[in-house]
Every structure is written in structure tokens, then in C-alpha cells.
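Notes to accompany the following structure.
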Amino acid sequence: MKSLAASILALGLWLTPPAFAISNPSEMLANPATEARAEDIGKQLRCMVCQNESVEESEADLARDFRKIIRTRLQDGETDRQVLDWMTARYGSFIRLRPPFNALTAGLWASPVLALGIGLGFVLLSRRRRGQAPTPLTDAERTTLEKLDAT
């Protein structure tokens with residue numbers, strides 16, 4: 001019986017949609033379609049305070065201000081792209097959770113591939129070095145070693 005209750009609880013938690021930070025219903029727009037657009041935009045933008053959360057998930061005051069800006073601009077008739085472009089122009093590419101690929105962010109996008117390549121290079125070099133047999137001793141080295149062993 002306990003396992004059934006635990007299974008139902010686990011299933012319920014798994015199926016529960018994520019809770020977004022809009023705790024004040026007055027923040028939500030009356031038009032469900034526009035509200036959905038605002039939430040989608042908010043999910044693409046980084047909270048500058050939390051940095052690992054989207055504006056839509058964060059409860060920071062700055063994120064709340066960003067949500068208000070997004071909703072105001074959408075109500076003023078701007079497109080999703082215009083809102084995202086305005087936020088990026090104002091706060092820089094860092095505000096985007098997935099920054100656009102351009103000359104400034106090319107290093108950011110290339111860094112995982114570079115890190116993987118460097119790591120693979122180290123692994124290959126260490127295997128190559130480990131697989132080499134040591135060079136045999138010369139006669140002079142062997143004589144010196146025998147003298148050291150004798151003492």
C-alpha cells in the first residue's frame with residue numbers, strides 16, 4: 001500500500017509542470033496568447049542576479065522588472081524578435097540563455113569543442129608515451145650503474 005502511494009506521489013511530481021516565478025496574478029496578461037508569448041520570451045532570457053535561471057523562473061526583483069518590461073513591450077505591439085533584440089541591445093548577449101552565434105560569441109560556442117579536442121589530445125599523447133619501451137642502457141650507463149650497485 002505504501003509503495004502504491006509513493007508511486008502515485010512520484011508520478012504526480014513528475015507530471016507537474018514547472019512553477020514559474022509569477023507569484024502576483026497582476027503580472028499576468030489578460031490575453032492568454034500574449035501571456036504565453038511573454039513566458040516564452042522570459043524562458044529565453046537569463047536572470048542577471050541568479051544567472052542560472054531564466055527570467056521567468058527567477059524570483060529576484062530584477063527578474064520581476066524584466067517580466068514587466070517584456071509584457072509591456074508585447075502589449076505595445078512589438079514582436080517576440082523585437083523584444084528579444086531590445087533586451088539584447090540593452091543588456092548584451094549575456095542576457096540570452098542561448099547567445100546568438102556571431103564574432104563576439106564564437107569563442108563561447110567553440111569552447112566545448114576546443115576543450116574536448118584538447119582533452120583528447122592529452123589522452124592520446126599520454127597513451128603514446130606510455131606505450132613506448134624505454135631505451136636500452138648504453139655500455140657506459142651500464143658500467144656506471146654496476147659501480148653504484150657495488151657500493
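The values are calculated or read from the model by the stated rules, or taken from the named source; none is laboratory data. Just so you know, these numbers come straight off a predicted model, no measurement behind them. Cβ sites come from the backbone with ideal geometry, for glycine too, and all protein chains shown count toward neighbours.
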- Message: Step by step: first the residues of the stretch 51-75, then only those that are over 13 Å from Glu35 (Cα atoms) and in a loop (DSSP other than H, G, I, E, B), then the one that is modelled with the lowest pLDDT. Which residue is that?
- Response: Gln51
- Message: Between Leu97, Leu108, which is under 14 Å from the mean Cα position of the chain (by Cα), surrounded by 10 or more Cβ atoms within 10 Å (Cβ to Cβ) and closer than 15 Å to Gln44 by Cα?
- Response: Leu97
- Note on the structure: By residue number, the members of the stretch 79-129 that are assigned to a loop (DSSP other than H, G, I, E, B) and closer than 18 Å to Glu39 by Cβ are Thr79, Leu97, Arg98
